[in-house]
Amino acid sequence: MESRSIILSGRTVGYTLKRSARRRTIGFRVGSDGLCVTLPRRVAIREAESALREKSGWILSKLDKWTERASIPELTGADGESVGYLGRALTLRVVGHSRARTLIVPEANALVVHVDSGLSGSLRDATVKRALERWRRRAALELMAPRLARFAAELNRPAPAVSIRVNASRWGSCSSDGSIRMNARLIAFDEALVDYVCAHEACHLIEMNHGPRFYALLDRLMPDHRSRSAALKAAVAPGHVF
């Protein structure tokens, strides 16, 4: 890997350059660690710089989005923080109770966490945060698995095996064995955007690439997928980051 920089629309942008023997095209990824460019083994750096300039609008927009996200505080599990859920920021309410087990009860505008009243300080916050992470995974699976099954059925495919992960840059992925992984963080966004990612991954049950046949399937499942994709790219999840 090599650290480089380039001027895009008057801005100096640093990026990490990697070589890959497996890639056939230039790849771009923008995440919490900034911009990463992956080149096929025999592609010249000047070609990468030309491609960067061509995609400068998308790159700068994604970098700005990550900068905005970085300004949002990290969730600690303290009372009064907020948790993103289906496009809304639910206020976190931490309530002590007499049992050791932590319970989470969603309400209209709040997420109430009942935690052992014997806990306090950082230990209490950490317990609340772990419980929220477990709750988010369960809620994501309950929300997304039926949607994926429905879209798969529309494509005459059986319901896929679905697992939930947490990662920084990918909302979902489909394996060659027909199993689908979804990002738990997606649950913070509006249901229309969750549906878009589910439809997108369901289409990969038939077409593993992003060629014309893939988009023909997605057009059939969700005619407005392009506007939903753009909305997801522009969106910042409500609530504290976790």
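The values are calculated or read from the model by the stated rules, or taken from the named source; none is laboratory data. Every value quoted in this text rests on a predicted model; they were computed, and no experiment measured them. Virtual Cβ from ideal backbone geometry, glycine too; neighbours counted across all protein chains shown.
Can you name the condition, by its number, that TYR196 falls short on among (1) over 16 Å from ARG226 (Cα atoms); (2) within 13 Å of the chain's Cα centre (by Cα); (3) not small (Gly, Ala, Ser)?
Against the list (1) over 16 Å from ARG226 (Cα atoms); (2) within 13 Å of the chain's Cα centre (by Cα); (3) not small (Gly, Ala, Ser), TYR196 comes up short only on (1).
Given ARG22, ARG42, ARG46, which one is part of a loop (DSSP other than H, G, I, E, B) and either more than 22 Å from GLY211 (Cα to Cα) or aromatic (Phe, Trp, Tyr) (or both)?
Only one candidate passes the filter, namely ARG42.
In the range 128-137, which residue that is under 16 Å from the mean Cα position of the chain (by Cα) and surrounded by fewer than 21 Cβ atoms within 10 Å (Cβ to Cβ) is nearest to ASN183 (Cα to Cα)?
The selected residue is ARG137.
Of the residues that sit in the range 42-55 and are basic (Lys, Arg) and surrounded by 12 or more Cβ atoms within 10 Å (Cβ to Cβ), which one is nearest to the chain's Cα centre (by Cα)?
Of the range 42-55, the ones basic (Lys, Arg) are 42, 46, 53, 55.
If we keep only those that are surrounded by 12 or more Cβ atoms within 10 Å (Cβ to Cβ) as well, we get 53, 55.
Values: ARG53: 26, LYS55: 21 Å.
Here the residue is LYS55.
Considering only the range 101-129, state which residues are farther than 16 Å from ARG185 by Cβ and in a helix (DSSP H, G or I). Talk me through it step by step, then tell me what you get.
So in the range 101-129, the residues farther than 16 Å from ARG185 by Cβ come out as 101-110, 112-128.
Selection gives GLY121, SER122, LEU123, ARG124, ASP125, ALA126, THR127, VAL128.
List pairs: first in the range 182-207 and assigned by TED's automatic domain parsing to the domain that holds ALA152, second surrounded by fewer than 22 Cβ atoms within 10 Å (Cβ to Cβ) and among the hydroxyl-bearing types (Ser, Thr, Tyr), Cβ under 7 Å, 6+ apart or cross-chain?
ILE187/TYR85; ALA188/TYR85; TYR196/SER229
Quick one: is VAL43 over 30 Å from VAL166 (Cα atoms) and at pLDDT below 90?
Spelling it out, VAL43 is indeed over 30 Å from VAL166 (Cα atoms) and at pLDDT below 90.
Does ALA216 fit the bill of being touching a residue at least 24 places away in the same chain (Cβ under 8 Å) and among the small types (Gly, Ala, Ser)?
No, not satisfied.
Would you please list the contacts, defined by Cβ atoms under 7 Å and residues six or more apart or on different chains, that run from a residue in the range 140-169 that is of a type outside the set (A, V, I, L, M, F, W, C) to a residue that is modelled with pLDDT of 95 or more and in a strand (DSSP E or B)?
Within 7 Å, the pairs are PRO160/ILE180; SER163/ARG181; ARG165/ARG181; ARG165/ASN183; ASN167/ASN183.
Scan (1) more than 23 Å from SER176 (Cα to Cα); (2) of a type outside the set (Lys, Arg); (3) within 21 Å of the chain's Cα centre (by Cα) for the single condition HIS210 breaks and write down its number.
Of (1) more than 23 Å from SER176 (Cα to Cα); (2) of a type outside the set (Lys, Arg); (3) within 21 Å of the chain's Cα centre (by Cα), only one is false for HIS210: (1).
Mind listing whichever residues of the range 132-178 are over 22 Å from ALA230 (Cα atoms), assigned to a strand (DSSP E or B) and not aliphatic (A, V, I, L, M)?
Across the range 132-178, the qualifying residues are SER163, ARG165.
Test of understanding: among LEU52, LEU86, LEU75, LEU63, which residue is over 30 Å from MET144 (Cβ atoms) and among the hydrophobic types (A, V, I, L, M, F, W, C)?
Answer to the check: LEU52.
Based on what the data block shows, is LEU86 within 26 Å of the chain's Cα centre (by Cα), in contact (Cβ under 8 Å) with a residue 12 or more places away in the chain and at negative phi?
Against the criterion (within 26 Å of the chain's Cα centre (by Cα), in contact (Cβ under 8 Å) with a residue 12 or more places away in the chain and at negative phi), LEU86 does not qualify.
Checking the structure you have, find out if any residue of the range 20-36 is of a type outside the set (Lys, Arg), at positive phi and modelled with pLDDT under 90.
The initial filter retains those residues of the range 20-36 that are of a type outside the set (Lys, Arg), namely 20-21, 25-28, 30-36.
Then keep just the ones that are at positive phi; that gives 34.
Still in the running and modelled with pLDDT under 90: 34.
Checking the range 20-36: at least one residue is of a type outside the set (Lys, Arg), at positive phi and modelled with pLDDT under 90.
In the range 56-75, which residues are in the same structural domain as VAL13 (by TED's automatic domain parsing), crowded, with 16+ Cβ neighbours inside 10 Å and either not polar (S, T, N, Q) or not in a helix (DSSP H, G or I) (or both)?
If the condition is that a residue be in the same structural domain as VAL13 (by TED's automatic domain parsing), crowded, with 16+ Cβ neighbours inside 10 Å and either not polar (S, T, N, Q) or not in a helix (DSSP H, G or I) (or both), then ILE59, LEU60, LYS62, LEU63, TRP66 are the ones that fit.
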